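The values are calculated or read from the model by the stated rules, or taken from the named source; none is laboratory data. These numbers come from a predicted model, not from an experiment. Neighbour counts run over all protein chains shown; Cβ positions are idealised from the backbone, glycine included.
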Amino acid sequence: METKPYLIFEQNGLLCGVEVACVREIFFLPELTPIAQAPQDIVGAIDLRGSILPVMDLNLRFGYVWEEYSVTDSAIVIEWQEVRIGIIVDRVTEVKHIPADAITPQLSYGRDNAEAPHHFLAGFARCEADMIALIDIDRLIRDSPEKTQTKIPISASDVENLTAADNLETSNLQLTIEPKLLAKNHQFLGKPQVFVPNATPEQKAIFRERAHNLRQQDEPENSAAINMSLAVVLLNGEYFGINLAVVREFTDIRQVTPIPCTPARIIGNMNLRGEILTLLDIRNVLNMPSAQVKSLSKAIVVEIEDLVAGIVVDEILDIIHLNVAEIATIPAALNSANREYLRGTAFYQEKLIAVLHLHKLLTKGGVVVDEEV
């Protein structure tokens, strides 16, 4: 069954997904610089290592009213047919591999002569108890406002605040929001002139520092080098990167069945949608204290050759996309016992992460038990 990996994120209380193939980077939202005469949903730009990156507010693109941003918001850098753009999302959660037969392309509401619903969506995916709206990146980036006129539902009290001079047509309390209305009523402000005007001085400093860090990072020396997407995970307070090429999915850990007569690194088995998944703890190989079984919550399901296993982690922090040239050699001070299981080091939000050579660690690190018990 053909599957595709999707980066899953939360937006306005909904789960959405974009194909991992078009994701270039993910970082926490920095301070944005307003752009004059940009489309209504393009709320600013950032200097991303010497390139100006326009940033889209998905709320405005989908036709919702503008909401002030938070320091916990993230920006996903999307590249599609030589176009690069950032999209603001509430929170990036995980990566899921979704089979084609789990996707419903469109929903029908049985209405005559209705316009095609869900214009920016490629379909809806069923993933266990979740339903995920899959974004059509081509339409999201390229379609002009003339094709997708934005109408925003408002309440009766909002209508009373509008003046006759606005000359807006109403139908079932839905209004086409015009720039002059946005200027008169802060509830419909689509393009704020001041970035996060109600933020505290501390929050504004955080946004500004993020923008500075993104602007100061150097471009990789070899732009032709191979790119790599990494899942950034936490193990005993230390940061590690796992190549997304071997990641099948992320999952919560529940109802672990211990396996008798196995080393401590074999946590046990878990039922994952009918598949028996063996959970492994790689900490010992990395000269770290073993995990406490009672505290286990997350696992990364990896598939390497014929081996499928769940790598237990403390937390899945992020997904980053970097150039292989950005991966530095392993510092000499690092313990020599586990150097062979690391590809190198890279920076993530000013923190050093160790990029795991997971193939070698699982096949040669003694993690997998291949003898009969």
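Kindly indicate whether residue 12 is at positive phi and not small (Gly, Ala, Ser). In short, yes.
In this structure, residue 275 does not qualify as assigned by TED's automatic domain parsing to the domain that holds residue 305, of a type in the set (Asp, Glu) and under 24 Å from the mean Cα position of the chain (by Cα).
Scanning segment 118-150 for residues that are modelled with pLDDT under 85 and under 24 Å from residue 86 (Cα atoms) gives 118, 119, 143, 144, 145, 146, 147, 148, 149, 150.
For residue 25, the criteria (1) more than 20 Å from residue 318 (Cα to Cα); (2) at pLDDT below 90; (3) in contact with a strand residue (DSSP E or B) (Cβ under 7 Å, 6 or more places away or on another chain); (4) buried (at least 16 other Cβ atoms within 10 Å of the Cβ) hold in every case but one, which is (1). Every residue in segment 241-280 that is part of a loop (DSSP other than H, G, I, E, B) and free of Cβ contacts under 8 Å to residues at least 60 places away in the same chain, please. Those that are part of a loop (DSSP other than H, G, I, E, B) and free of Cβ contacts under 8 Å to residues at least 60 places away in the same chain: 253, 254, 255, 256, 258, 259, 264, 274. Selection within segment 63-78: residues that are under 14 Å from the mean Cα position of the chain (by Cα) and of a type outside the set (S, T, N, Q). The member of this set that is surrounded by the most Cβ atoms within 10 Å (Cβ to Cβ) is 75.
Of the residues making up segment 82-95, at least one is more than 18 Å from residue 208 (Cα to Cα) and assigned to a loop (DSSP other than H, G, I, E, B).
Would you please name the residue that is farthest from residue 141 (Cα to Cα), looking only at residues in segment 96-112 that are in contact with a strand residue (DSSP E or B) (Cβ under 8 Å, 6 or more places away or on another chain) and not in a strand (DSSP E or B)?
If we take residues in segment 96-112 being in contact with a strand residue (DSSP E or B) (Cβ under 8 Å, 6 or more places away or on another chain) and not in a strand (DSSP E or B), then 102 is farthest from residue 141 (Cα to Cα).
Of all residues in segment 281-308, how many are part of a loop (DSSP other than H, G, I, E, B), of a type outside the set (A, V, I, L, M) and either closer than 28 Å to residue 99 by Cβ or under 24 Å from the mean Cα position of the chain (by Cα) (or both)? So the answer is 3. Taking the criterion of being among the β-branched types (Val, Ile, Thr), in contact (Cβ under 8 Å) with a residue 60 or more places away in the chain and surrounded by fewer than 19 Cβ atoms within 10 Å (Cβ to Cβ), no residue of segment 79-92 qualifies. Applying the condition of being exposed (fewer than 12 other Cβ atoms within 10 Å of the Cβ) and basic (Lys, Arg) to segment 262-294 and asking which residue is modelled with the lowest pLDDT yields 294. Of the residues making up segment 329-362, those that are over 23 Å from the mean Cα position of the chain (by Cα) and at pLDDT below 80 are 329, 330, 331, 332, 333, 334, 335, 336, 337, 338, 339, 340.
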